[in-house]
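See below for the structure under consideration.
The values are calculated or read from the model by the stated rules, or taken from the named source; none is laboratory data. On a predicted model such as this, the values are computed, not experimentally measured, just so you know. Here Cβ is always computed from backbone atoms with ideal geometry, including for glycine, and neighbour counts include all displayed protein chains.
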Amino acid sequence: PAAGGFRPEHPVSDREFAQLHCAIRIVFPQVGLVLSTREPPLLRDRLIPLGVTMLSAGSRTDPGGYTGAGRERLHRTTGGRAERVTPAESSVEATGQFALSDERPPRVIAERIRELGYEPVWKDWEECLTNAASS
């Protein structure tokens, strides 16, 4: 499910999704294949050996979810339209862009990657990430 009730006109089954990943890997061997936390844990785990190059982990989909900046001008999405949240509703959280299916913490996902015989590599070179770690 996505914010605003969006539903794809032509949903893709897990089997078709895996076939698509294989086809992309064969046709474009250098292309990065990313799996988001939208996909369930079992599917993500099974697609790793098929050439996935990046997995998200510990994701937030609400505006400003990582920094808290989304608390200003907070809104909910209802029927595809943004609705402001009043100060009286300040405990309300912003609507996420989509539902998470894999809520495992990064540590657990990294361990699973190791169990599958691969080495997890952390993206740690962005200034915003290194500054946050030293705070």
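Apart from one condition, Pro87 fits all of (1) of a type outside the set (A, V, I, L, M, F, W, C); (2) modelled with pLDDT of 65 or more; (3) out of contact with any Asp or Glu (no Cβ under 6 Å at 6 or more places or on another chain); the exception is (2). Taking Arg46 as the residue in question, decide whether it is under 21 Å from Val121 (Cβ atoms), under 20 Å from the mean Cα position of the chain (by Cα), among the basic types (Lys, Arg) and modelled with pLDDT of 85 or more. For Arg46, the condition - under 21 Å from Val121 (Cβ atoms), under 20 Å from the mean Cα position of the chain (by Cα), among the basic types (Lys, Arg) and modelled with pLDDT of 85 or more - is met.
The set of residues from segment 3-55 being in contact with a Ser or Thr (Cβ under 9 Å, 6 or more places away or on another chain), of a type in the set (A, V, I, L, M), outside any loop (DSSP other than H, G, I, E, B) and surrounded by 13 or more Cβ atoms within 10 Å (Cβ to Cβ) comprises Ala3, Leu35, Leu43, Leu55. When the residues of segment 117-135 are filtered to those that are modelled with pLDDT of 85 or more and surrounded by 11 or more Cβ atoms within 10 Å (Cβ to Cβ), the one that is nearest to Gly51 (Cα to Cα) is Tyr118.
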